[in-house]
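Undergrad: Quick one: this structure, given as structure tokens, is what I'll be asking you about.
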Amino acid sequence: LKNERVARAFLELCGIVHRLRAPGGCPWDREQTPSSLKPYIIEEAYEVLDAIDSGAPEPLCEELGDLLLQVVLQSEIADEAQSFDIADVTNAISRKLVSRHPHVFGDAQAKTAAQVLTNWEKLKHRESGGQKGLFDGLPRGLPALQRAARMGEKAGRLGFDWPSTTGVREKVDEELAELEEAVTSGDRDAMTHELGDVLFSIAQWARHLGLQPEESLAAGCERFKTRFSRMQALAVADREGGLDGLSIDEMEAYWQRAKRQ
């Protein structure tokens, strides 16, 4: 009965999208192309992340629906061009899931999540006939810190990684020292190069600590935003002009007050 309910709901959504794109449907929907919908895919994906962070099921349910709409809409446009349809999309992912989980649908063995991920990378490489590089599947538009962590994770699955967190920490110190040398030299190209190495090594340190560097930085940005806004409010309550004209020491005093609150 649950499968029937799911099938009916999915078919209804596909029918609605088809109607919107059909002659006499919605002018806006009919004008959309795969490229014009790119910003909405990114926006909806980030709204899903916000909903997950909220911890509430209702917004997550709604945002997942908005993201699913983008998949169905892209598939409908492709169907009109006779490229593929939503059935091809679902069949493709089903085949991929079965082929990438031989420990479930075949005779392979994988008793830990780490073994599953290692086998996954090997299967992907085999499926491509050895033509794809390890990082070819990582989107170029992925946030840089997240991309760095994923690159380290993929390399680590094949054994190219530090054996312990201590080794990564030492690498961070090494890269910081090289950045200091570049700063001393005044060579901006060298500084850019070394700063990139520092950030990359910090992303790997976060990965070894079981942390997501992108999420950690996003949380840090929110903390700074909240504290700075609080600092401004305290200054405005104390004096005309707020923070304007204050020395760095005076602003630091307000910052510490804001942190204590």
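Undergrad: Any residue at all in the stretch 194-203 that's of a type in the set (Phe, Trp, Tyr) and closer than 29 Å to Ser54 by Cβ?
TA: Just the residues of the stretch 194-203 that are of a type in the set (Phe, Trp, Tyr), to begin with: 200.
Those left that are additionally closer than 29 Å to Ser54 by Cβ: none.
No.
Undergrad: Would you mind finding the one in Ala203, Ala219 that is open to solvent by less than 60 Å² (accessible area, probe 1.4 Å), within 17 Å of the chain's Cα centre (by Cα) and over 28 Å from Leu243 (Cβ atoms)?
TA: Ala203
Undergrad: Return the only residue of Pro39, Pro23, Pro59 being more than 18 Å from Glu80 (Cβ to Cβ), free of Cβ contacts under 8 Å to residues at least 12 places away in the same chain and touching a helix residue (DSSP H, G or I) at 6+ places or on another chain (Cβ under 9 Å).
TA: After ruling out the rest, the residue left standing is Pro59.
Undergrad: Let me ask another. Under the condition of being among the hydroxyl-bearing types (Ser, Thr, Tyr) and assigned to a helix (DSSP H, G or I), which residue from the stretch 156-196 is least open to solvent (accessible area, probe 1.4 Å)?
TA: Checked the stretch 156-196; the qualifying residue least open to solvent (accessible area, probe 1.4 Å) is Thr165.
Undergrad: Now for a different question. Mind counting the residues in the stretch 36-50 that are surrounded by fewer than 12 Cβ atoms within 10 Å (Cβ to Cβ) and modelled with pLDDT of 95 or more?
TA: Residues in the stretch 36-50 being surrounded by fewer than 12 Cβ atoms within 10 Å (Cβ to Cβ) and modelled with pLDDT of 95 or more: 1 in total.
Undergrad: Let me ask something else. Please determine, by comparing only the residues of the stretch 89-147 that are in contact (Cβ under 8 Å) with a residue 24 or more places away in the chain, under 30 Å from Asp79 (Cβ atoms) and among the charged types (D, E, K, R), which one is surrounded by the fewest Cβ atoms within 10 Å (Cβ to Cβ).
TA: This residue is Glu127.
Undergrad: To continue, here is another question. Restricting to the stretch 51-60, name every residue that is surrounded by 10 or more Cβ atoms within 10 Å (Cβ to Cβ) and either charged (D, E, K, R) or farther than 21 Å from Ala219 by Cβ (or both). It would help to see each step written out before you state the result.
TA: Taking the stretch 51-60 first, the residues surrounded by 10 or more Cβ atoms within 10 Å (Cβ to Cβ) are 51-54, 56, 59-60.
Listed by number, the list holds a single entry, Asp53.
Undergrad: Would you point out which residue out of Glu4, Glu76, Glu12, Glu63 is open to solvent by 90 Å² or more (accessible area, probe 1.4 Å) and at pLDDT 95 or above? Give the steps one after another, and end with the answer.
TA: On the way: Glu4 fails: at pLDDT 95 or above; Glu76 fails: open to solvent by 90 Å² or more (accessible area, probe 1.4 Å); Glu63 fails: open to solvent by 90 Å² or more (accessible area, probe 1.4 Å).
Criteria check complete, one pass: Glu12.
Undergrad: Also: Against the condition modelled with pLDDT under 90 and within 30 Å of Val198 (Cα to Cα), how does Gln115 come out, does it pass?
TA: So Gln115 passes the test.
Undergrad: Right, another one. Considering the stretch 225-252 alone, what residues qualify as being on the phi < 0 side of the Ramachandran plot and loosely packed, with under 10 Cβ neighbours inside 10 Å?
TA: Correct list: Ala237, Glu240, Asp244, Ser247, Ile248, Asp249.
Undergrad: Kindly indicate whether any position in the stretch 112-135 is assigned to a loop (DSSP other than H, G, I, E, B), of a type in the set (A, V, I, L, M, F, W, C) and in contact with a Pro (Cβ under 6 Å, 6 or more places away or on another chain).
TA: No, there is no match, as no residue in the stretch 112-135 is assigned to a loop (DSSP other than H, G, I, E, B), of a type in the set (A, V, I, L, M, F, W, C) and in contact with a Pro (Cβ under 6 Å, 6 or more places away or on another chain).
Undergrad: Take the residues in the stretch 22-65 that are under 19 Å from Ala78 (Cα atoms) and among the aromatic types (Phe, Trp, Tyr); name whichever of them is farthest from the chain's Cα centre (by Cα).
TA: The extreme case among them is Trp28.
The values are calculated or read from the model by the stated rules, or taken from the named source; none is laboratory data. All of these numbers come straight from a predicted model, not from anything done at the bench. Positions of Cβ are generated from backbone atoms using ideal geometry, with glycine treated the same way; all protein chains shown enter the neighbour counts. Ligands, DNA and RNA are excluded from the accessible area calculation, which covers all protein heavy atoms including side chains. Shrake-Rupley method; radii C 1.70, N 1.55, O 1.52, S 1.80 Å.
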